[in-house]
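Just so it is clear, none of the values below were taken in a lab; they were calculated from the coordinates. Nothing here was measured: the structure is a model prediction, and the numbers come from that model. Cβ: placed from backbone, ideal geometry, glycine included. Neighbour counts: every protein chain shown.
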Amino acid sequence: MNQINYESFYDKVGKTNGWDFSKVKSFSEGISWDFYEEVIKKCESKDILLDIGTGGGESVLKISPSLLLLIGIDLSNGMIKTAQSNLKESNVSNVKFFQMSSEDLQFPNGFFDTISNRHAPFSSKEVFKVLKSKGYFLTQQVSEADKLNIKEAFGRGQAFNQSDGKLKEHYIRELTNAGFSEVKSYEYNATDYFQRPEDLIFLLKHTPIVPNFGHDKKDFKLLNEFIVKNKTEKGIMTNSKRFLIVAKK
């Protein structure tokens, strides 16, 4: 999904649900790390952090006491409006949010000690440009084999039929070519359990896992078949496959 489609998709979602995924009842087993905890491990209290694809800003607001200054950017105007609203309610004073493309970062060269990026597009060259020497860039992304049983049930989906690991290798190559001196990667494949059919429907309607879910009436027939096949005592089962890349300049 390119950046223009990304912006359009999530702006539409925001108008529908107010960016609130908190009502979805689900839990996961086998998650190997918490992304923003990994980010904090690379930071000191005097550091300045850039969060690319910050969404509603909840994550940077949560970790704000650990740093001097945090700046969150997002391509989506709707997400930044939500982030600004969350900022006002939080009374946090060391966080700023801006609408900005990750392809053209409007900051001085070498300005940030650490840069984070979770489930959003980024430019390796732009990240390298605004990161300080010996600074860290951390990105968590969705692997091709994420929600695999759902995509197989529908015969379509985000990165469906693409080789698992292709995106990770692409980013590692880009970061290395951009000039990063050290690039390490990690991954996990966790099991997700959705408590109710409506939780799974919410996910499918408001994320791009299955494109245009619900536009065809047969989608709900396929969904019912999927639920029957994958229902367990813990909930409706699928998977979350993620990879983490940590690059040092």
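Taking each of Lys41/Lys249; Lys42/Lys132; Lys81/Lys134; Lys88/Lys125 in turn, the alpha-carbon distance tops 24 angstrom for Lys81/Lys134; Lys88/Lys125. Between the residues Ala178, Ile150, Ser240, the greatest Cα displacement towards the positive end of the dipole of region 3-248, with unit charges on the Cβ of Lys, Arg, Asp and Glu, is found for Ile150.
For the chain, the antiparallel share of DSSP beta bridges with both residues in that region comes to about 55%.
Across all Cα pairs in region 111-249, the calculated P(r) in 5 Å bins from zero up to the longest distance comes to 2, 9, 18, 18, 14, 11, 10, 8, 6, 3, 0 percent per bin. Placing +1 on the Cβ of every Lys and Arg and -1 on the Cβ of every Asp and Glu, with no other charges, gives the chain a dipole of roughly 120 debye about its Cα centre.
Phi-derived couplings, Karplus 6.51 cos²θ - 1.76 cosθ + 1.60 at θ = phi - 60°, listed residue by residue for region 241-249: 10, 10, 10, 10, 10, 10, 10, 10, 7 Hz, with x used for Gly and Pro.
In a reduced charge model with +1 at each Lys and Arg Cβ and -1 at each Asp and Glu Cβ, region 111-203 shows a dipole moment near 340 debye about its Cα centre.
Taking the alpha carbon gyration tensor of the chain, multiplying each eigenvalue by 5 and rooting it gives semi-axes of 32, 21, 17 Å, largest first. Here Arg118, Arg173 are placed in order of increasing Cβ neighbour count within 10 Å, fewest first, which gives Arg173, Arg118.
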